[in-house]
Each structure stands twice: as structure tokens, then as C-alpha cells.
Amino acid sequence: MPQAAVPKFSKHLAQLKKLLPGEMLSDAASLAKYAGDKWFATHQPEAVALPRSAKSVSALLRYASHHNIPVTPRGAGYGYVGGCVPVRGGIVLSLERLNRIREINAADFVAVVQPGVITQVFQQAVEKLGLYYPPDPASRADCSLGGNIATNAGGPRCLKYGVTRDYVLGLEVVLADGSIVKLGGRTHKNKTGFDLHRLFVGSEGLLGVVTEATLKLLPLPPYRANLAVGFSSMRAALQSLQAIFAAGILPCALEVADAFTLAAAYKRTKSESLRGCKAHLIVELDGQKKSVESEIRALEKIVRHRKPLFVQRGLGDEQCEKVWQIRREFSYSLRDTGLTKLNEDIVVPRGRLEDLFRFAATLQKKHGLTIACFGHAGDGNIHTNVMVDYRQPDSKERADAALDELFKQVIAWNGSITGEHGIGLAKKRWWPLAASKEVRDLHLAVKRALDPKMILNPGKFV
């Protein structure tokens, strides 16, 4: 059984419980619960803080800074790279109790939220008022807005609407020394000084703790429609994608999936349309009803030129959601195979998509591993899943070699080793390949300026 608090930390724990009554936990169950996220690594902290206010966060960080105690901030724990694993122990700082939607202002098209608000809960709240918050990570029913901000989360709709960073107008941040700063504002244009609030978006808990965010909203599109299209080859699917853009159409989402993913999804969903399907596209449009209906007909003509196996049209929310429900099963379907899924969220320039799928096929043959690819084809962000049976000899070595080759090739194509999940622990090994020494030194300089004692989320990539 894990110990509730190691002896050297017990004096700090007693002080912190006095400083933050009812907000510090040290029982074995809590320490185990907050030891990791959805990745494979875990490490138990000495204590867990569950503050109810920015003032409490400030007091905690002021104490931790004074005593050089590591603090690992976290959202809902739905990260996929070990970003909130407290590898140096110390205190896990969970923002889950800061979960209020403080304001939704339809006149200003802004909302003010705390970081513990669940993304889907927030989206549903604004949509009831005819407003729209587009970022839609696949885990939106479980992940928090604070976690989305920490990783600059995206999702299918970021093709048209952009990622989380594009909706953050202002932030309240508690710095490592306990100082509370308000950055940005609530206007949709603001050029007063540096864009400091954007520095904290995607910073993975290394620079400060977000305790409040002011988010930009849009008018809710009144209508949506989509096409689900099956193909006999990935090349035909990607050629259709290129033809869609060439026609001057910008979908709000454009997703692709490969043959292995679809075969697994067929086993799970029993959707007959997926049987024998080698590639799959989902193309969604939104806007005014007449224009969407006109564009969806034009889209259908474009994709039918590539002789698809089938074309399914979804009109309106209910029919569109049926299509997306199958898409949301893809990741679970891969887990059903019994293989360990190493989910890499790489990004390549859009013109390299066909090259990426060919390269993945080469890696499969070379290393004897299945590589399942699906994701956000519209912006080149493909979830490239190396499927591993760790019971087989040398499987770990083969998987590591495949990942090394994948990341090196992506970098050679001027792509990115992560589009949504972040570096965390999982991609720390490839950080020196992805960023030059000068860029890494610049990151370190920013880190030292904001967190000179290096207490925030230590042991990660900076």
C-alpha cells in the first residue's frame, strides 16, 4: 500500500492543511488517483491540492516556491502524453473545483469560465443561447477547458474555425511565485503590449496556472450537413480531398480513416457500410441552410468522380450526429483489437498526406507492426497509431524504432511531432529533434523568467 505522505513532506503537509483548510488531500486513494493521465506512466505525489479559488492557488504556489516544492498542475486528466504525471513528486494541483461558468455574454460574444469546466458542458450552455464555441477535442465530454488551454487542443472543426488558442481573449494566471496576473481582455481586438496571454496557451503547465479564461464566441451556424464516403483505396480518398479544396470549398471538418481502423470499427459497430471499405472520408459543412444544401450537392458530385463504394448524406443535426457517432468509435475499436495503441498526433503539410500513408505502410512492413491512421486530414493532423503486441519478442524495440523513423520523417517534411496532445513525457525523447538548440534555449529562458525555481511541472521537456 502506498504511504499517505513521506516523512520529509509531513511538516509541509501540516502547514498546507492549515493554510488551505479542506483543500489538501494525502490519503492513499487520492494519491493514486492523481498519479497520471491516459498515458502509461504514473508517479504518486506527496499531496493533492483541490483549491476553490485563485486566492488558494496563489497561497499554495507562494508556499511551494518558498520551500522549493514541485507542483504539477492538471485538468481532468484526459491527456495522452503524461503531461500531468508528477514525476518529481511534490503536489498535484487539480483545478477541478474551479468549475464555474461565470458569464456568457451574447452582446459581447464572450464567456468567462474557470478551468475546471467540462468542454461539452460549456458548449451546450452557449449553444442554448444561439452561440458557438468551435474547438471540439474527441474527449470533450470528459476533458476540461483548462486542460484544453494547457495543450492548445483542437479537434475536427479546427480546419475551418481554428484551435483553442484562437478563442482565448484573456487569462487570469497565477505565476510560480504566487502572483496573480490578468492578461489580454474581453475585446476581440487588442494590441496593448505583447500577446502574453497566448504564451500560456499550450504551455503544458510549465509557466503558470490558469484560474480563469475569457473566451471568444461565434454565432451558432443554423444548419449543418455532411457526407460519409467509402473508397476502395486511400489514394482515391485523398484525391477527393484535394479536389474539394480545389473547388474552393472549406468544410468545417474533413476526416479520414484507413483500412485497419475501418475493419476494427466494423467489428465494433457492425455498420455494414464499413465492410470491405479501404478508406473513409467524412466531410461536414455548416452555415445557412440553403447554401449548405447547395454545397453538399456540389461536394457529392466531386467525390463521385472518384467512384466511391458508397456516399451517405447526413442533413441536419440528428443525421450528422449518426455519422460522427461511428467516427467516435474508431479509437475504441482499435483498443478492442487487444493490441496496445501508441497514439501519435503528428502533423504533416497537407500536400504530404499521401506520402504519409505510403510511409506508414513502409514502416508496417519493415518493423512487422500494424500502423492504423485516422484523423483530421483537412489540416494534415493524422493520428498515427502504432499497434503493439508486447507479448511478442522485441516488440518494444520494434515499436521504438518505428516511432523514431516516423518522427524523423515528419520533421524532414517540415511537419510537427504533435498537433494536439503536447510533448509531456511521451514525446520528450524527440523534443531535441523537433526544436533546434537555439529554440530550446529560448524556451528555457522563458521558463526561468516565469518560474526561476523550476517548480512548475518539473521533469518535462523544459
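Taken together, the values in this text are just the output of simple stated rules run on the coordinates, not laboratory data. Given the structure is predicted, the values throughout are model-derived calculations rather than measurements. As a convention, Cβ positions derive from the backbone with ideal geometry for all residues, glycine included, and neighbour counts pool all protein chains shown.
Dipole orientation for segment 101-219: of the candidates Ala150, Tyr161, Val121, Tyr161 has the Cα lying most toward the positive pole (charges on Cβ; Lys, Arg +1; Asp, Glu -1). Around the Cα centre of segment 7-94, unit charges on the Cβ atoms of Lys, Arg, Asp and Glu (plus for the first two, minus for the last two) sum to a dipole of about 220 debye.
Residues in segment 378-385 carry Karplus couplings, in order, of x, 10, x, 9, 10, 6, 9, 9 Hz; the curve used is 6.51 cos²θ - 1.76 cosθ + 1.60 with θ = phi - 60°, and Gly or Pro positions show x. Note: segment 74-167, Cα convex hull, 95 Å³ per residue. Can you tell me the orientation of helix 437-450 relative to the chain, as the angle in degrees between its alpha-carbon axis and the longest Cα principal axis, to the nearest 10? Its long axis makes an angle of about 40 degrees.
In the chain, helices alone account for a calculated mean residue ellipticity at 222 nm of -11000 deg cm²/dmol, with every DSSP H run of four or more residues adding -39,500 (n - 2.57). As a ratio to 2.2 N^0.38 Å, the alpha-carbon radius of gyration for segment 101-219 is 0.98. Using the Karplus relation 6.51 cos²θ - 1.76 cosθ + 1.60 with θ = phi - 60°, the per-residue 3J(HN,Hα) values for segment 94-110 come to 8, 9, 5, 7, 8, 10, 9, 8, 6, 7, 10, 10, 5, 6, 8, 6, 9 Hz, with x marking Gly and Pro.
Once Rg and the Kirkwood radius are both taken over the C-alpha atoms of segment 337-419, their ratio Rg/Rh works out to 0.96. Between the helical axis of 316-328 and the longest alpha-carbon principal axis of the chain there is an angle of about 70 degrees. Taken about its Cα centre, segment 338-429 carries a charge dipole of roughly 120 debye when the Cβ of each Lys and Arg holds +1 and the Cβ of each Asp and Glu holds -1.
Against the chain, whose longest principal axis comes from its Cα atoms, helix 259-269 is set at around 80 degrees.
I want the antiparallel fraction of DSSP beta bridges within the chain, as a percent rounded to 5. So the antiparallel bridges in the chain amount to around 90 percent.
At a temperature of 25 °C and a viscosity of 0.890 mPa s, determine how fast segment 247-346 diffuses translationally according to Stokes-Einstein, using the Kirkwood radius over alpha-carbon pairs as Rh; express D in µm²/s, rounded to the nearest whole number. D = 165 µm²/s.
For the chain, the relative contact order works out to 15 percent when only alpha carbon pairs closer than 8 Å and six or more residues apart are counted. Under the convention that each Lys and Arg Cβ holds +1 and each Asp and Glu Cβ holds -1, the size of the dipole of the chain around its Cα centre is about 160 debye.
Across the chain, Cα-Cα pairs more than 35 Å apart make up 34 percent of the total.
Each Cα pair under 8 Å and six or more residues apart adds its separation to the average, and for segment 74-119 the resulting relative contact order is 35 percent. Taking amide H atoms as placed 1.01 Å from N in the peptide plane, the amide H of Leu309 lies under 5 Å from those of Gly230, Phe231, Ser232, each 5 or more residues away in sequence or on another chain. Computed from the Cβ-Cβ distance with R0 of 51 Å, the FRET efficiency linking Ser232 to Arg52 stands at 0.35. Taking 7 Å steps out from each Cα toward its Cβ at Arg275 and Lys307 produces label points 2.2 nm apart.
Looking at segment 68-117, the trypsin sites (Lys or Arg not before Pro) that sit in a DSSP loop and have at most 16 other Cβ atoms within 10 Å of their own Cβ are Arg97, Arg100. At q = 0.14 Å⁻¹ the log10 of I(q)/I(0) for segment 7-94 amounts to -0.43, computed by Debye summation with a single uniform scatterer per C-alpha, solvent ignored.
Given in Å, the Rg to one decimal and the Dmax to the nearest whole number for the Cα atoms of segment 271-403 are 17.5, 58. Taking 0.36 nm per residue of separation and subtracting the current Cα-Cα distance, fully stretching the chain between Thr192 and Glu397 would add 68.7 nm. For the chain, leaving out every one of the chymotrypsin sites (Phe, Trp or Tyr not before Pro) that falls in a DSSP loop and has at most 15 other Cβ atoms within 10 Å, the longest unbroken run is 195-389. Could you tell me the relative contact order of segment 48-206? Use alpha-carbon pairs under 8 Å, at least six residues apart, and round to a whole percent. Reported relative contact order: 22 percent.
A simple rule links phi to the HN-Hα coupling: the Karplus curve 6.51 cos²θ - 1.76 cosθ + 1.60 with θ = phi - 60°, which for segment 78-88 gives 9, x, 10, 10, x, x, 10, 7, x, 5, 9 Hz, with x for Gly and Pro.
Of the trypsin sites (Lys or Arg not before Pro) in segment 172-241, the ones in a loop by DSSP (not H, G, I, E or B) with at most 10 other beta carbons within 10 Å are Lys189, Lys191.
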